[in-house]
1. Hey, can you tell me all the residues within the range 19-76 that are charged (D, E, K, R), over 27 Å from Arg268 (Cα atoms) and assigned to a loop (DSSP other than H, G, I, E, B)?
2. Quick check: is even one residue across the range 245-257 farther than 30 Å from Leu145 by Cβ, of a type in the set (Gly, Ala, Ser), under 23 Å from the mean Cα position of the chain (by Cα) and part of a helix (DSSP H, G or I)?
3. Counting only residues that are among the small types (Gly, Ala, Ser) and surrounded by 14 or more Cβ atoms within 10 Å (Cβ to Cβ), which one in the range 94-131 is nearest to Gln79 (Cα to Cα)?
4. Condition check: free of Cβ contacts under 8 Å to residues at least 60 places away in the same chain and crowded, with 16+ Cβ neighbours inside 10 Å. Does Ala56 satisfy that?
5. Could you check the range 61-79 and list, in sequence order, the residues that are at pLDDT 90 or above and touching a strand residue (DSSP E or B) at 6+ places or on another chain (Cβ under 7 Å)?
6. Could you figure out which of (1) on the phi > 0 side of the Ramachandran plot; (2) in contact (Cβ under 8 Å) with a residue 60 or more places away in the chain isn't true of Gly111?
7. Please list, ordered by first then second residue, the pairs with beta carbon atoms under 9 Å, 6 or more apart or interchain, first in the range 195-208 and farther than 21 Å from Ser169 by Cα, second assigned to a loop (DSSP other than H, G, I, E, B) and of a type in the set (Val, Ile, Thr).
8. Going by the structure shown, is Asp174 surrounded by 13 or more Cβ atoms within 10 Å (Cβ to Cβ) and either under 30 Å from Ala117 (Cα atoms) or in the same structural domain as Met3 (by TED's automatic domain parsing) (or both)?
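The values are calculated or read from the model by the stated rules, or taken from the named source; none is laboratory data. Note that the structure is a prediction, hence the values are computed from the model and not measured. We place every Cβ from the backbone using ideal geometry, glycine too, and count neighbours over all the protein chains shown.
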Amino acid sequence: MDMDAFYASVEQSDHPEYKNKPVIIGASPGHRGVVAACSYEARRFGVHSAMPISHAYSRCKDGIYLPVRMNRYQEVSRQIMAAFNDFTPDVIQISVDEAFLNMTGTEKLFGTPEETAYKIKARIKKDTDLNISVGIAHNKFLAKLASEYKKPNGLYIVQKGKEIEFIDSLKLGDLWGLGKKTLERLENINISTPKDLRKMDQSQLEELLGRSSGDFLYKISRGIDPGMYTGEIKNRSVSNEITFREDTKDSEVLKLTLLELSYQVMFRVLENEERGRTVQLKLRYSDFKTITVRETHNFPISSAEELFNIAGKLLHRKWKKSEEIRLIGLGLSSLENINTPGQIDLFEDDYKKNIKLEKVALAIRKKGNKMIKASLLDRNRP
């Protein structure tokens, strides 16, 4: 199950006056930043996600430009996932707008796979006023590809025995999991279609691209599930990033931005009653060179102040202070339930006290009140 242009569709549903118009989610025209998502109407102008907002505006000056409302999208996502769970207990959510549903054994309840798909589509439309595309197959990889095949508002079934026929109807770049660099390497050895890829045996692919990549390509060219989703995502992450209006090497600006990101990330983690162990810092310099650094801890991180402290050390370690920064991002992964048993601390440290304060702040924010650190009230920064 894959929602169609999810962020933009939510905005069009919440604001009927936006329907059938090009909606672009992300930065505002005239500001630095990129397109986070866009409607199908905007895509007709050549706008796509991750495109610099200036490029999007040059192609679509009459578009409706809106900020990201992640809390609203998550709220709708929870509605959608709740509906899925009414059809099967075996749901694997892989993003805010996408999930695998194992419908094995539900035929007597809901009918054929096609009948069931139409029932789920009708339920989502009724609950959220949104369209969803469905792919049906006997494995997750093919179902994922099939969900993209007839978008938007599509439904496609890959019949058993016709996997190769379906794979060959796709472009090489349509095979899920193939990145730009891999496609370039394949082109360099005259592989431009799934059929070309299938002519290479597994040992040849492994020799050219490495063992894991070769095995992956061998399987997907034959419609074999490479085992990407065998259960809940093992290392789901929560992250936020900020693109500055002007490149900066002001350490105070970077410090305040990291503090803001720490609270944004931790509030999202606490809302899901989780904590994490791996902190990831992302830096993009003025020349677009991007670096990321990760640090995994033996102890769980469940306070924004603790996350901020670790992120600050990573910044100090990696940032060359002579270089201006265009974008900074912060993420927390290796997530676990906040009640997962662990080593008990004999004394309560300051971070544990902060957790209690942050939970109270989160509860206040949920009631519609904005509550932030006093130091973040100083908006004299990019």
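1. Step one: filter the range 19-76 for residues charged (D, E, K, R), giving 19, 21, 32, 41, 43-44, 59, 61-62, 69, 72, 75.
Still in the running and over 27 Å from Arg268 (Cα atoms): 19, 21, 41, 43-44, 59, 61-62.
Listed by number, the residues that qualify are Lys19, Lys21, Arg44, Lys61, Asp62.
2. As a first pass, look at the range 245-257 and keep what is farther than 30 Å from Leu145 by Cβ: 245-257.
Okay, now just the ones that are also of a type in the set (Gly, Ala, Ser), so 251.
Next, only the ones that are under 23 Å from the mean Cα position of the chain (by Cα) stay: none.
Within the range 245-257 (the criterion being farther than 30 Å from Leu145 by Cβ, of a type in the set (Gly, Ala, Ser), under 23 Å from the mean Cα position of the chain (by Cα) and part of a helix (DSSP H, G or I)), the answer is no, since none of the residues qualifies.
3. Filtering the range 94-131 for residues among the small types (Gly, Ala, Ser) gives 95, 99, 105, 111, 117, 122.
If we keep only those that are surrounded by 14 or more Cβ atoms within 10 Å (Cβ to Cβ) as well, we get 99, 117.
Numbers: Ala99: 13, Ala117: 17 Å.
Once the filter is applied, the top-ranked residue is Ala99.
4. Values: free of Cβ contacts under 8 Å to residues at least 60 places away in the same chain: yes; crowded, with 16+ Cβ neighbours inside 10 Å: yes.
When the stated conditions are applied, Ala56 passes them.
5. Correct list: Gly63, Ile64, Tyr65, Leu66.
6. That leaves (2) as the condition not met.
7. Leu208/Ile189
8. Values: surrounded by 13 or more Cβ atoms within 10 Å (Cβ to Cβ): yes; either under 30 Å from Ala117 (Cα atoms) or in the same structural domain as Met3 (by TED's automatic domain parsing) (or both): yes.
Yes: the conditions hold for Asp174.
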